[in-house]
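Reading through the structure tokens given below for one structure.
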Amino acid sequence: MTINRRKTRQIRVGNVLIGGDAPISIQSMTNTITKDFEATVSQILKLEYEGCEIIRFAVNDFDDAKAIGEIKKRIHIPTISDIQFDYKLALAACENGIDGMRINPGNIGAKWKVKEVCEACKFRGISIRVGVNSGSVKKEFIDKYGGVNENSIVESALEEIEILESLNFFDIKVSLKASNVNLSIDSYKKFSEISDYPLHLGITEAGPPPMGIVKSAVGIGSLLSQGIGDTIRVSLTADPIEEVKAGKKILKSLGLKTDGLDLISCPTCARTKVDLIKLVDIAQKKLDQLDLNIKVALMGCAVNGPGEAREADIGIACGNKNGLIFKKGEVIKKVPEEILLDELLLEIENMKKYNKLNKN
Ligand code: SF4
């Protein structure tokens, strides 16, 4: 079943389009000191390698802003500066070549300051993300709606948007994050019913893995499955590499990303007569390194295994201390358990040579 995506207007962050019919992009945020550009560049390059498509970093002072040019020379994905209050830092980030801005106009203060930022962004084609976190909803809206809920969150976001719109600025994307998954879902859904601005999805302060990944997968995944969301960031108390890996898996599990490894394996049961858990664990690590577009099925028995194994590019249906290897729907050999993995990897290497399974 394909997902019917909500029609949103399209903006860009550098060369990455967001909204409209653009693919859903994966973002992350560095946790290095931005002005330490060796550390920042090194982290961004690793994130790029994992599949990060847009990178955000905090710009806390003018040295951070000045580092943007040097960072950009050495990386290959668009950048977003995260700025809290100081409009001069926003202007400095624009001058130094930033591609996108995360700033709330309500935090900048006087309207003439917001106007300067909007003009600088417009002049350079820089889009702005405005966002509300459940922890920073204005008291006025909390009182009006009786607490922090989807109504007060959405109205806070609309207020930020209206400031930009009043200055003729429309290259906007919006986030409405809460650490509570249900509240996030309700807020994004409510907003998507009344606005066509593209949405940046995330569950804020989701915590460390595995719970942070589960919360994000449930929150981001359920919105995406309803066609809501144009770009995602999984927030984790962990190495940001884990955020990108989780983001890719969320998209992949919904069929919103088709490249990369799709590993299917069964949970094992009393019918399993090989050490499938160990086999899958080793296979996953090795296959991840091969960086291929491939669907691999590793199944524990001859009852339910052959069906899945036949559907995959390559698969194994295990028997009693042995297994049948399927390739493109046909059994190609029966091998003992000890060499099952080696034979599988050998066949995949052959497919890689002849069938162009590589990503690029
Ligand atoms: S595929 Fe076979 S071994 Fe695996 S869980 Fe299902 S019945 Fe059990």
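Antiparallel as a % of all DSSP beta bridges within the chain, to the nearest 5?
Working: 15 of 49 bridges.
Roughly 30 percent of the DSSP beta bridges within the chain come out antiparallel.
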| message | For the stretch 261-355, what does the accessible surface come to per residue with a 1.4 Å probe? Please give it in Å². | response | 54
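Please say if the chain is rounded, prolate or oblate, where rounded means a/c under 1.5 for a ≥ b ≥ c the square roots of the C-alpha gyration tensor eigenvalues, and otherwise the choice is prolate for a/b larger than b/c and oblate otherwise? Please list the in-between numbers first.
Working: a/c = 2.65, a/b = 1.94, b/c = 1.36.
Because a/c hits 1.5 or more and a/b exceeds b/c, the chain counts as prolate.
Work through the residues other than Ser216 whose Cβ is under 13 Å from its Cβ and net out their charges, Lys, Arg +1 and Asp, Glu -1.
Working: positive: Lys177, Lys215, Arg233, Lys245, Lys248, Lys249; negative: Glu205, Glu242, Glu243.
Cβ neighbours under 13 Å give a net charge of +3.
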| task | Compute the relative contact order of the chain as a whole-number percentage, counting only Cα pairs closer than 8 Å that sit 6 or more residues apart in sequence. | result | 13
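Among all stretches of the chain without exposed chymotrypsin sites (Phe, Trp or Tyr not before Pro) (DSSP loop, at most 16 other Cβ atoms within 10 Å), which one is longest? Each step should come with its number before you reach the end.
Working: sites that count: Phe85, Phe170.
Counting at most 16 other Cβ atoms within 10 Å as exposed, the longest clean stretch of the chain is 171-360.
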| remark: For the stretch 200-316, the charge dipole (Cβ of Lys, Arg +1; Cβ of Asp, Glu -1; about the Cα centre) points to a positive end, and the Cα of Leu256, Ala302, Gly227 closest to that extreme belongs to Ala302
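Could you order Lys111, Lys173, Lys257, Lys334 so the one with the most accessible surface comes first? Probe is 1.4 Å.
Values: Lys111 110, Lys173 5, Lys257 50, Lys334 140 Å².
Order by accessible area, largest first: Lys334, Lys111, Lys257, Lys173.
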| request: Whole Å is fine, so just give me how far the alpha carbon centre of the stretch 258-284 lies from that of the stretch 216-230. | output: 26
| Inter-centroid distance (Cα atoms) of the stretch 2-81 relative to the stretch 307-321, Å | 40
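Roughly how many debye, to the nearest 20, is the charge dipole of the stretch 11-253 about its Cα centre, given +1 on each Lys and Arg Cβ, -1 on each Asp and Glu Cβ, and no other charges?
Numbers: 29 positive and 33 negative charges, 55 e Å.
In debye, rounded to 20, the stretch 11-253 gives about 260.
Which of the three applies to the stretch 90-142, rounded, prolate or oblate, going by the alpha-carbon gyration tensor with a ≥ b ≥ c and a/c under 1.5 meaning rounded? Present the calculation step by step, with values, prior to reporting the outcome.
Values: a/c = 3.03, a/b = 1.90, b/c = 1.60.
Cα axes put the stretch 90-142 in the prolate bin.
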| How high is the FRET efficiency between Asp61 and Met211 when r is their beta carbon distance and R₀ equals 30 Å, given to the nearest 0.05? | 0.35
| In a shell of Cβ-Cβ distance under 13 Å around Ala65, excluding Ala65 itself, what net charge do Lys and Arg (+1) and Asp and Glu (-1) give? | -3
| request: Could you tell me whether the stretch 261-355 comes out rounded, prolate or oblate from its Cα gyration tensor? Rule is a ≥ b ≥ c as square roots of the eigenvalues, rounded for a/c under 1.5, then prolate if a/b exceeds b/c, otherwise oblate. | output: prolate
| query | For the stretch 327-348, list residues with backbone N below 13 Å from a point placed 7 Å from the Cα of Asp275 toward its Cβ? | reply | 337-341
| query | For helix 37-50, what angle does its Cα long axis make with the longest principal axis of the chain, in degrees from 0 to 90 and rounded to 10? | reply | 50
| request: Keeping all protein chains in place, calculate the accessible area per residue for the stretch 4-87 (probe 1.4 angstrom), answer in Å². | output: 47
| Can you list the aspartates and glutamates whose alpha carbon sits under 18 Å from that of Lys73, skipping same-chain ones fewer than 8 residues off? | Asp36, Glu38, Glu48, Glu53, Asp63, Asp64, Glu95, Asp99
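Given the rule -39500 (n - 2.57) for each run of at least 4 DSSP H residues, summed and divided by the residues of the chain, what is its mean residue ellipticity at 222 nm, to the nearest 500 deg cm²/dmol?
Numbers: 13 runs with 162 residues, N = 360.
Computed mean residue ellipticity for the chain: -14000 deg cm²/dmol.
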| Relative contact order, percent, of the stretch 1-96 when contacts are C-alpha pairs under 8 Å separated by at least 6 residues? | 26
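Given a cut-off of under 8 Å on Cα pairs at least six residues apart, what relative contact order in percent is computed for the stretch 261-355?
Details: 169 pairs, mean separation 21.2, N = 95.
It rounds to 22 percent for the stretch 261-355.
Which value, in debye to the nearest 20, gives the size of the charge dipole of the stretch 261-355 about its Cα centre, when Lys and Arg are +1 and Asp and Glu are -1 at the Cβ?
On the way: 14 positive and 15 negative charges, 48 e Å.
Roughly 240 debye for the stretch 261-355.
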| request: Hey, for a label at Lys286 modelled as a point 7 Å past Cα toward Cβ, could you say which residues of the stretch 309-334 have their backbone N under 18 Å away? | output: 313-319, 321-328, 332-334
| Taking the Cβ of Gly207 as the center, what net charge do the other residues with Cβ under 13 Å away carry, scoring Lys and Arg +1 and Asp and Glu -1? | -2
| query | Taking H as built 1.01 Å from N, whose amide H comes closer than 5 Å to the amide H of Ile294, not counting residues under 5 places away? | reply | Gly260, Leu261, Asp262
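Given Cβ point charges of +1 (Lys, Arg) and -1 (Asp, Glu) and nothing else, what value in debye, to the nearest 20, does the dipole of the stretch 2-45 about its Cα centre take? All intermediate terms of the calculation are to be shown ahead of the outcome.
Working: 6 positive and 3 negative charges, 87 e Å.
Using Cβ point charges on Lys, Arg, Asp and Glu, the stretch 2-45 gives about 420 debye.
Going by accessible area, probe 1.4 Å, with all protein chains left in place, what is the ranking of Thr268, Thr231, largest first?
On the way: Thr268 50, Thr231 0 Å².
Result of the area sort, largest leading: Thr268, Thr231.
Pop out the carbon and sulfur fraction of the accessible area of the stretch 11-253 as a percent, whole number, probe 1.4 Å.
Carbon with sulfur: 52 percent of the solvent-accessible area.
The values are calculated or read from the model by the stated rules, or taken from the named source; none is laboratory data. Being a predicted model, the structure only gives us computed values, none of them experimental. Quick reminder, even Gly has a Cβ in these numbers, built from the backbone with ideal geometry, and neighbours come from all protein chains shown. Keep in mind that these areas ignore ligands, DNA and RNA; they rest on the heavy atoms of the full protein, side chains included. Shrake-Rupley method; radii C 1.70, N 1.55, O 1.52, S 1.80 Å.
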